[in-house]
Every structure is written in C-alpha cells, then in structure tokens.
Amino acid sequence: MAANNRRMSGKKGAQVGSGGQRRRGLEGKGPTPPAEMRKGHKKNRVANAKAKQAVRRPTPRGRGGKSTSELVVGRNPVVEALREGVPASTLYVQQFIDNDERVREALQLVAERGGMNLMEAPRPELDRMTNGLNHQGLVLQVPPYEYAHPEDLAAAAYDEGADPLIVALDGVTDPRNLGAVVRSVSAFGGHGVVVPERRSAGMTAGAWKSSAGTAARTPVARATNLTRTLEAYQKAGITVVGLAADGEAEVGDLAALDGPVVIVVGSEGKGLSRLVGETCDHRVRIPMPGGAESLNAGVAAGIVLYEAARRRA
C-alpha cells in the first residue's frame, strides 16, 4: 500500500514508462527479405535442403582444363567480389543474420545479376563449409574456371586475321598480378595469357577482381609444361621474347614485336627460370633510368604490350 501511495504522489522523480519499447515497435524493419530467407516459406525450406546437400557434397577436383571451385568468405570480400562481377554460382546467407548494409547490398547485387542461387544455411553448416573461417554469415561460391588450351589463343588470333600477341607467365604466384596482366592484355589488343599448371597463380576470385572484369573476354590458358608450350609456339612460327634485367637488347629496339609474338614475364624476385630463359628467341630488358631493380609482372607486361600495340597500329 505504501508503494502504491508513493506512485500516486506528486513528488518529482523517475516515472514508470515503456522504456522506449513503444517507440522501437513503430520503427521499420527494413525491406522484406527474399522468400528464400523467410522462415517457414516453401522456398526457404527448399533452399535449406539444397544448402545442406551442397555442404555435404565433396568439392570436385579440377579436370580437363578446369580449376577447383572457390569460396569467398566475409561480408566485405563478398560484396567487393559481387561489385567487380566475379562469376559466382551461389550466395550462402546465415540464418537469422544481422541485416546490415553489406548484407543488404549483397542480396541486392545477387538479385540484379540474376541466374545465381541464394541459399540460407545455419551457422554450423557455414562453419563446416569454410573450415571455421570468420565468414560473418556470408559465403560466395565461385565455380571452377575453364582454362583455354595454349593452341587456342594463337588459333583465335589467326581466325581474326591478326598476328598472335600472347603473354606467358613464369613463376608469377600472386593472383593480383595475374589479374593485372589479363587487364593489360585486354587493353592493348592481346589474345590471351598462358600460365603453368603448377607453381603459378590461377584464375581465383582475387585475379578476377584485379582484372576489373576483363577476364570475361580475355582467355587464360594453362600449360602442363611451359617450356614445351613455348617450343610448340616456336614451331608454329611465333617468336618467344623473354623479359630479363640483363637482356641483350632493349624492348624499343626489338623488331620481332611487329609480328606474332609471345612475351614471357618472370617473377619479380627471381625473373625467368633457367629453362624458360634458354628457350626464348630473344631476351630483352626494359630501360629504367630511375634505378629500380625490377617491376612487377603487371607493370612489365603492360609496358611491352604497349610497345607492341604501338608498332602494330
């Protein structure tokens, strides 16, 4: 009764209220999520079943010119990959995920692109799929990349009535450098890039992002043995030019860039391997008055491709 009297008194002090619950109840909850993410919806049940099957199914190993599938994990990496147009087959979204701006943008990008699967999965399934990585509730599956055959690059050039302009990478292991080379090849009218099957960067999501979308129209071929592939190009009448800091001539003096040519770029640290260097018809250097010891693969390839394109114009 005393407590009742105090509540009814006119004394100032804290008043009993809703604690903001009524105000929060009136706030909007954002856009309606897709049917695949609405609990109890038929599409949600189907998506969950497919997600469980996909997680339990072992990842196929690449065969016949294909790489293995890849997972991009984390909110920022997933959104960036979708923005850059990285080819993806499925976006996995964690059940009951906090719907922040990155999640909403990822869902919007998937809806705008079309042709992608959107699946909801419980946290343990995503943990198992990513081997415990911090996925933050978003996992993007990138399908295996289909590599071209090295012979296809030259054949495509001849079909266009052009002399082949190809870049081969020797010991370049950073996917971002591969993506940058693909971008330069596309910019200067080249016909593709050749990478070794082993000890080399492949067309991962990182390479796709660095290529700024040009990987969709510039083929990348994979060679079982780079030396034998270069010898096959030579037998087909294509000149093989290797970039080396101690090259016998400068790039600007090489007349071979006018015709069919394969430009071989080595790693930034080690340069060309011994066998590849010995196979090249010419070894040329890029003059650097500034005194830098070397350039990364993307920059070096871009300089030589520009010179080749200038001569062919």
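The values are calculated or read from the model by the stated rules, or taken from the named source; none is laboratory data. Here the structure is a predicted model, which means the values were calculated and not measured. For accessibility, only protein heavy atoms count, side chains too; no ligands or nucleic acids. Shrake-Rupley method; radii C 1.70, N 1.55, O 1.52, S 1.80 Å.
Ordered by solvent-accessible area of protein heavy atoms (1.4 Å probe), largest first, the residues 174, 159, 98, 152 come out as 159, 98, 152, 174. Solvent-free Debye calculation, one equal scatterer per alpha-carbon of segment 118-208: log10 I(q)/I(0) at 0.11, 0.14, 0.17 Å⁻¹ equals -0.46, -0.65, -0.81. Convex hull volume of the Cα atoms of segment 246-312, normalised per residue: 91 Å³. Binning the alpha carbon pair distances of segment 80-147 at 5 angstrom intervals from zero yields the distribution 3, 16, 28, 25, 19, 6, 1, 0, expressed in whole percent. Only protein heavy atoms count here; under a 1.4 Å probe, residue 80 has an accessible surface of about 80 Å². Only protein heavy atoms count here; under a 1.4 Å probe, residue 96 has an accessible surface of about 150 Å².
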